[in-house]
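Below is one structure, written out as structure tokens; the observations come after it.
The values are calculated or read from the model by the stated rules, or taken from the named source; none is laboratory data. Treat the numbers as computed from the prediction; the structure is a model and nothing was measured. Cβ: placed from backbone, ideal geometry, glycine included. Neighbour counts: every protein chain shown. To get the accessible areas, we keep the full protein, side chains included, count just its heavy atoms, and leave off ligands, DNA and RNA. Shrake-Rupley method; radii C 1.70, N 1.55, O 1.52, S 1.80 Å.
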Amino acid sequence: MTIVAVVYFSESGSTQALAREVISGISTVEDVKVMECQIEPWDMFEGRFDNDEFMCLLDNTDAIVFGSPTYMGGVSAQFKAFADATSERWDSQQWRNKFCAGFTVGSCLNGDQTNTIQYMATLASQHGMLWVGLDIAGGYNSVGLNRLGCQLGAVGHNPEGEVHRSDLDTAKYLGRRVAIIAKACSINLQAL
């Protein structure tokens, strides 16, 4: 069975709303198991991410979808602490050939959310992971997906604390896309 993990931090609930839509999209694909892995305050010890069980779960997945709110033009400190803790896996390239994608939300229409997604793509690349972006033109398709036009991942906007419906639908689409690709390709990649 193909396993996809959704790893995210959410403070206000907006990133969690996107995460739940990503999970919903993954769940539409048969024979794909999804694991919700929320970064919690108790995962931190003296400012560092410290949850080995959490990391071991991720070692046994075919794909990981990263999620973080955009704070001051980048990932949250909590997500960054998680990313820093992956360095042991980076050294041995434990996550190479896993698929990866990302999502974020910010309070401003152009709140530098793309920087957050670019950070996640760089993190994935350092691990030798295979990045999955969106395959829909920004704001132009007939069902209104990718409203904000970020091809690298699902980007949301929550000016009044609620994520726009189109952004939630885009997150669901991304989750389904990752699950389909991981399911179709993971068997072949294990041979590399």
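Points to keep in mind about this one:
- Of all DSSP-defined beta bridges confined to the chain, some 10% are antiparallel rather than parallel.
- Relative contact order for the stretch 67-170, counting Cα pairs under 8 Å that sit 6 or more residues apart, in percent: 27
- Computed [θ] at 222 nm, deg cm²/dmol, the chain (DSSP H ≥ 4; -39,500 (n - 2.57); rounded to nearest 500): -12500 deg cm²/dmol
- Site pair Glu40 and Ala77 shows an inter-label distance of 2.1 nm when each label is modelled 7 Å from Cα along Cα→Cβ.
- Hydrodynamic analysis of the chain uses the Kirkwood radius over alpha carbon pairs. Inserted into Stokes-Einstein at 10 °C and 1.306 mPa s, it gives a translational diffusion coefficient of 98 µm²/s.
- Fraction of accessible area attributable to carbon and sulfur, the chain (%, probe 1.4 Å): 50
- Here r is the Cβ-Cβ distance between Lys33 and Asn115 and R0 is 45 Å; the resulting FRET efficiency, rounded to 0.05, is 0.90.
- Summary value for the chain: 27 percent relative contact order, contacts being C-alpha pairs under 8 angstrom separated by 6+ residues.
- Cα shape, the stretch 15-75, gyration tensor, a/c 1.5 rule: oblate
- The stretch 21-128: C-alpha gyration tensor shape, a/c 1.5 cut-off, then a/b vs b/c: rounded
- Exposure rank, largest accessible area first [Ser27, Ser10; 1.4 Å]: Ser27, Ser10
- Cβ-defined net charge surrounding Ile64, 15 Å radius [Lys, Arg +1; Asp, Glu -1]: +3
- Probe 1.4 Å, accessible area per residue of the stretch 1-123, Å²: 45
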